[in-house]
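The values are calculated or read from the model by the stated rules, or taken from the named source; none is laboratory data. Model, not experiment: these values are computed from the prediction. Every residue, glycine as well, gets a Cβ built from its backbone with ideal geometry; the counts of neighbours run over all protein chains shown.
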Amino acid sequence: MKSMGATQEEYYRGVRMVRYDLVKELVLAMVGVGVLALLIAAVLSSPDVPPVTIATWAQQNPVDLVTTATNELAGATTSAVYGPPYNSVGPGQSFGPIAPQKWFGVRIPIDSANTFVIQPLQKASFSNTALGAALSTWQNATADQQTKWLDAYSKALANATVTDGGVAVATGDYGPLPVMMSNLVGIAQAGGLDGLLAINGRFYQTDYTQPLLFMGDGTYLAGLAQQAHLTGSQWGMMNETGQYPGQTWLWLYTMWYQVTPFNSPTGFLGFNSSNADLGVIILMTALTAALALVPFIPILRDIPRWIPIHRLIWRQYYAPRKGAARA
């Protein structure tokens, strides 16, 4: 009737009316949702876990910390060969001419051996003559001699034991490494290494890049991620810690990491597991652009006309009106 010129009074004639207070309804809804949220929070608590620190790593798995530090000195960790933005050792991820890591270069310079091992020990050696002597021996040794010590110590760490929080290995020619590593473990267990790696010269210490890179080079942090269902193979991008559901809207991103070529070392079309991050970004950018450009893409824009599902949904609107003139 309204479309035929009926007034509002005529349109609603005969319809029972009740008073409705929208503000009151909104307040009640907010109070109800607030009470429900508080009750659920009290029962289920928060899924968040305490932050992971180098101190807890050193206390719970000192062998892994020493093994990681030894690998840092040998230049055999992920961060040591990662490439930009931390160093120029590796080329970084690329796809043909698309190489954003290379484009932006080294913006956060980190020398893994010096940053994670040598420099913290130097700061701790001011009142520790034995440590100072060990560092001097290490730095004055030739590269070949350092390599021999590292190889021998790395092999011995495979059978290392933990005694009173310290790492013990079989007797061998390891040079100054045992003294250096025992001091590094002591500093880490006391929480000093967390502070030394987080110092950035600013008033507020909010840059945790260095501690995270150091922990990421070991197996301890990866083990915690596995337990919390946060690894890539566990769709970790969309998970909360534990088995709590997280950001479900991220399923479209993390899905690509589960399929070929992004989960394959060989892959195809230039994409593989080594450049999966860049590949997923390129793919999602292309899909987003395609979605935005649907009205301009021939054939794709014509699908609604060929398959008129919208007419089924809006069938009342498209239904022929009585008395309407026929074409």
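Tabulated values for the structure
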read-out	value
Residue that is surrounded by the most Cβ atoms within 10 Å (Cβ to Cβ) [pool: residues in the range 199-216 that are touching a helix residue (DSSP H, G or I) at 6+ places or on another chain (Cβ under 6 Å) and outside any loop (DSSP other than H, G, I, E, B)]	F214
Every pair of residues 6+ apart whose Cβ atoms lie under 6 Å, when the first sits in the range 3-32 and is touching a residue at least 12 places away in the same chain (Cβ under 8 Å) and within 30 Å of Q316 (Cα to Cα) while the second is surrounded by 10 or more Cβ atoms within 10 Å (Cβ to Cβ) and of a type in the set (A, V, I, L, M, F, W, C)	none
Residue check, L221 within 30 Å of Q258 (Cα to Cα), of a type outside the set (S, T, Y) and free of Cβ contacts under 8 Å to residues at least 60 places away in the same chain	no
Residue satisfying all of: in the range 51-78; in a loop (DSSP other than H, G, I, E, B) and free of Cβ contacts under 8 Å to residues at least 12 places away in the same chain; farthest from A143 (Cα to Cα) among these	P51
Qualifying residue in the range 272-282 (condition: assigned to a loop (DSSP other than H, G, I, E, B) and either over 30 Å from S233 (Cα atoms) or not aliphatic (A, V, I, L, M) (or both))	yes
Residue in the range 238-259 that is touching a strand residue (DSSP E or B) at 6+ places or on another chain (Cβ under 6 Å), at pLDDT 90 or above and not assigned by TED's automatic domain parsing to the domain that holds P62 present	no
Per-region count, the range 105-133, residues in a helix (DSSP H, G or I) and either more than 23 Å from D217 (Cα to Cα) or touching a Phe, Trp or Tyr at 6+ places or on another chain (Cβ under 7 Å) (or both)	6
Of all residues making up the range 65-78, the number that are surrounded by 22 or more Cβ atoms within 10 Å (Cβ to Cβ) and either more than 12 Å from L157 (Cβ to Cβ) or acidic (D, E) (or both)	3
Those residues of the range 227-264 which are among the hydroxyl-bearing types (S, T, Y) and within 14 Å of L283 (Cα to Cα), in sequence order	Y253, T254, Y257, T260
Hits in the range 183-198 (condition: of a type outside the set (A, V, I, L, M, F, W, C), assigned to a helix (DSSP H, G or I) and either touching a residue at least 60 places away in the same chain (Cβ under 8 Å) or surrounded by 19 or more Cβ atoms within 10 Å (Cβ to Cβ) (or both))	N183, Q189, G192, D194
Among (1) closer than 25 Å to S79 by Cα; (2) surrounded by 19 or more Cβ atoms within 10 Å (Cβ to Cβ) - the single one L131 does not satisfy	(1)
Looking only at the range 1-58, and only at residues there that are of a type in the set (S, T, N, Q) and surrounded by 10 or more Cβ atoms within 10 Å (Cβ to Cβ), the one that is nearest to Q189 (Cα to Cα)	T56
Subset of the range 240-272 (residues that are within 15 Å of the chain's Cα centre (by Cα) and in contact (Cβ under 8 Å) with a residue 24 or more places away in the chain)	E240, T241, Y253, Y257
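Quick grid of which residues meet (1) hydrophobic (A, V, I, L, M, F, W, C); (2) touching a Ser or Thr at 6+ places or on another chain (Cβ under 6 Å):
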site: S233; (1), (2): no, no
site: M237; (1), (2): yes, yes
site: P245; (1), (2): no, no
site: L252; (1), (2): yes, no
site: P261; (1), (2): no, no
site: A289; (1), (2): yes, no
site: D302; (1), (2): no, no
site: R315; (1), (2): no, no
